[in-house]
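Below: the structure, in structure tokens.
The values are calculated or read from the model by the stated rules, or taken from the named source; none is laboratory data. Everything numeric in this text was worked out from a predicted model, so none of it was measured. Please note: Cβ atoms are built from the backbone with ideal geometry, for glycine as well, and neighbour counts cover all protein chains shown. Quick note on the areas: whole protein, heavy atoms, side chains included, nothing else; ligands and nucleic acids left out. Shrake-Rupley method; radii C 1.70, N 1.55, O 1.52, S 1.80 Å.
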Amino acid sequence: MITPKENIPDSEHALITKAQSLAGFTLGEIAAQAGIEVPTNLLRDKGWPGLLLEHTLGATAGSKPEPDFPELGIELKTIPINRQGKPLETTFVSVAPFTGLVGVNWQNSHVKNKLKRVLWVPIVAEREMPVPDRIVGMPFLWSPSPEEEALLANDWQELIDMIVLGEVENISGKHGQVMQLRPKAANSKAKTDAFDKHGRRFKTLPRGFYLKIPFTHGLIKKYLRVG
DNA sequence: ACTTGATCATTC
DNA sequence: GAATGATCAAGT
């Protein structure tokens with residue numbers, strides 16, 4: 001069980017510095033210092049690395065619709081990588097809206113706002129590595145470059161267009177160059193409201209936007225070179 | 001090997 | 001059910 005902590009960073013620099021001071025430490029070491037138990041595997045604790053880092057860095061705990069560090073406007077994201085620095089998984093961004101889309105555009109979208117400023121914390125987490133032995137890499141703060149934002153905006157528009165046209169069910173993970181739409185639910189029976197191509201309301205599987213691996217890999221390579 | 005689709009815990 | 005945190009594992 002991970003509970004909120006009170007050492008909230010007072011500045012962006014303090015946050016980055018603290019995050020970077022964790023580089024090289026294992027999840028086991030960080031958890032031990034926090035007095036937190038490490039799960040044997042992540043089968044039933046899929047969000048555990050993220051919660052551990054949130055706790056350690058003093059992020060606001062809980063499921064609030066705001067950044068992890070509200071005063072700083074920074075979102076925290078852990079990302080599993082292999083020893084070469086390549087992400088092992090796509091990165092969840094936010095749930096996709098299927099209704100209430102009138103007036104929604106890229107500029108006021110949840111995706112753009114979520115990705116405005118992200119503190120990425122890579123974790124060398126190859127499957128065969130025991131969870132406590134997984135190692136924190138060098139964290140870095142990222143904001144989308146104009147080029148990156150254009151790619152994201154293009155994909156967002158393509159996917160939202162399909163949703164607006166009532167083609168939610170025809171969207172697969174193959175759509176999108178750098179960002180895809182995939183299931184995001186407790187299970188395949190979960191349902192949420194959407195509209196079909198005739199404008200009729202119906203129930204469908206909730207989905208979320210995910211950043212594809214080549215995109216996040218690019219961010220890591222870029223920030224590794226530059227520092 | 002890699003991606004897409006499915007799933008797990010917790011809180012509100 | 002929806003939002004937070006993601007990874008698992010079947011399919012290609």
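Overview of results
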quantity	calculated
Ordering of A:76-88, A:215-227 by burial proxy (mean other Cβ atoms within 10 Å per residue, highest first)	A:76-88, A:215-227
Overall form of the range A:86-199 per C-alpha gyration tensor (a/c, 1.5; a/b vs b/c)	oblate
For chain A: accessible area per residue (Å², 1.4 Å)	55
222 nm mean residue ellipticity, helices alone, for chain A (DSSP H n ≥ 4; -39,500 (n - 2.57); rounded to 500)	-8500 deg cm²/dmol
A:His13 - accessible surface, heavy atoms, 1.4 Å probe, Å² rounded to 10	140
FRET efficiency, 1/(1 + (r/R0)^6) with R0 22 Å, evaluated for A:Ser143 and A:Asp45 via beta carbons	0.15
Quarter of the Cα convex hull surface for chain A, i.e. its orientation-mean projected area (nm²)	12.9
Spatially proximal aspartates and glutamates relative to A:Lys112 (Cα-Cα < 14 Å; intrachain offsets below 8 disregarded)	A:Glu66, A:Glu75, A:Glu147, A:Glu148, A:Glu149, A:Asp155
Segments A:16-29, A:114-127 sorted - mean Cβ within 10 Å per residue, highest first	A:114-127, A:16-29
Length added when fully stretched, A:Phe92-A:Arg225, from 0.36 nm per residue minus Cα-Cα	45.4 nm
18 Å Cα-Cα reach of A:Lys221 towards lysines, excluding residues that sit fewer than 8 places from it in its own chain	A:Lys77, A:Lys86, A:Lys212
The range A:5-224 - percent of accessible surface contributed by carbon and sulfur, probe 1.4 Å	53
A:Ile135 accessible area, 1.4 Å probe, all protein chains in place, Å² to nearest 10	60
Filter on A:Lys64/A:Lys191; A:Lys184/A:Lys222; A:Lys114/A:Lys203 - keep pairs with C-alpha separation over 24 Å	A:Lys184/A:Lys222; A:Lys114/A:Lys203
A:Asn108-A:Ser172 pseudo-label distance in nm [points 7 Å out on the Cα-to-Cβ vector]	3.5
